[in-house]
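In what follows, a structure is listed as structure tokens, so that the remarks can point back to it.
The values are calculated or read from the model by the stated rules, or taken from the named source; none is laboratory data. This is a predicted model, so every value here is computed, not measured. Ideal geometry is used to build each Cβ from the backbone, glycine not excepted, and the neighbour counts take in all protein chains shown.
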Amino acid sequence: MLVLDDLCKTYRTRAGDVKALHDVSLRIDEGEFVAVCGPSGSGKTTLLMMIAAMLRPSGGTVQFDGTNLYAMAGPERARFRAKNIGFVFQMFHLVPYLDVLDNVLVAGGAAGKGDSNRARDLLQRLGLQHRMHHRPGALSAGEKQRAAMARALLNQPRVILADEPTGNLDPENAQCVLMHLRDFHRAGGTVIVATHGPAAQELATRTIHLRDGTIECSV
Ligand SMILES: Nc1ncnc2c1ncn2[C@@H]1O[C@H](COP(=O)(O)OP(=O)(O)O)[C@@H](O)[C@H]1O
Ligand SMILES: [Mg+2]
């Protein structure tokens, strides 16, 4: 489903080039639950963003079912992403001036199937039925991440990418987020999660260890 070939990313900054990822080749099949582990700075976020069609590689290709993500023009790539890929960020990335329901529906825009009934249903399942009309500023970290999880699930994507999704959560909310990733996986979805913690690794069918921008090992 996902084929990464010789993926490289160099960030060009005023202070010089930062080689964040180099020569990463990887194949991820539909239905896998992959944990990406590695110390801070090892390239986890960079890797996830490139798989998510959000960050153009400096070299190499990412193919999703044979489609080369970065050969598409921007708008086409955005539509492809909205339809196929859900993303959960470590810092939530909710739109501050929209309420929770609209934050979830934002995901629907580009895919054209944003369905307010589905959004309400997801928010209910995530225990946020009483928070639908609150803005993110009024929510706890756990509630924000549950809202972000609803947003990621809205378009019934094929894959969910989650970047240290429980890094800022208390154990109860962390467990809630992980259980929704597990359910998505059990229903046939593909999950790729960058993580430090053992809990996500226990759910994973494969763990990839990154170090200094390369795959150290994959088990
Ligand atoms: N926008 C950026 N500009 C410059 N360097 C960056 C940028 N984003 C990440 N990096 C660098 O790239 C490397 C990998 O970062 P990242 O992918 O965020 O790793 P991780 O998620 O594992 O902590 C680090 O050395 C980091 O400092
Ligand atoms: Mg990171």
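Data overview
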{"read-out": "Residue within segment 184-193 that is surrounded by 14 or more Cβ atoms within 10 Å (Cβ to Cβ), hydroxyl-bearing (Ser, Thr, Tyr) and within 16 Å of ligand 1 (Cβ to nearest atom) present", "value": "no"}
{"read-out": "Top-ranked residue of segment 38-58 - restricted to ones that are out of contact with any Lys or Arg (no Cβ under 8 Å at 6 or more places or on another chain) and over 19 Å from residue 1 (Cβ atoms), ranked as nearest to ligand 2 (Cβ to nearest atom)", "value": "45"}
{"read-out": "Residue pairs meeting the criteria (Cβ under 8 Å; at least 6 apart or on separate chains; first more than 22 Å from residue 182 (Cβ to Cβ), in segment 26-52; second in a loop (DSSP other than H, G, I, E, B) and basic (Lys, Arg))", "value": "50/56"}
{"read-out": "Residue check, residue 125 closer than 22 Å to residue 102 by Cα and out of contact with any Ser or Thr (no Cβ under 9 Å at 6 or more places or on another chain)", "value": "yes"}
{"read-out": "Enumeration of residues in segment 167-219 that are part of a loop (DSSP other than H, G, I, E, B) and either of a type in the set (Lys, Arg) or under 16 Å from the mean Cα position of the chain (by Cα) (or both)", "value": "167, 168, 189, 195, 196, 204"}
{"read-out": "Count of segment 2-56 residues which are among the hydrophobic types (A, V, I, L, M, F, W, C) and out of contact with any strand residue (DSSP E or B) (no Cβ under 9 Å at 6 or more places or on another chain)", "value": "1"}
{"read-out": "Matching option when the condition is under 18 Å from residue 90 (Cα atoms) and of a type in the set (D, E, K, R), among 158, 135, 151, 131", "value": "151"}
{"read-out": "Residue count, segment 59-106 (criterion: of a type in the set (A, V, I, L, M, F, W, C), free of Cβ contacts under 8 Å to residues at least 40 places away in the same chain and closer than 17 Å to residue 131 by Cα)", "value": "2"}
{"read-out": "Selection within segment 115-128 - closer than 23 Å to residue 90 by Cβ and of a type in the set (Gly, Ala, Ser)", "value": "119, 127"}
{"read-out": "Conditions (1) modelled with pLDDT of 95 or more; (2) in contact with a Leu (Cβ under 8 Å, 6 or more places away or on another chain); (3) surrounded by 16 or more Cβ atoms within 10 Å (Cβ to Cβ): number failed by residue 119", "value": "(1)"}
{"read-out": "Of all residues in segment 82-107 being modelled with pLDDT under 95 and over 25 Å from residue 173 (Cα atoms), the one that is farthest from the chain's Cα centre (by Cα)", "value": "83"}
{"read-out": "Test: residue in segment 184-194 that is away from ligand 2 (no atom under 16 Å from the Cβ), on the phi > 0 side of the Ramachandran plot and of a type outside the set (Asp, Glu)", "value": "yes"}
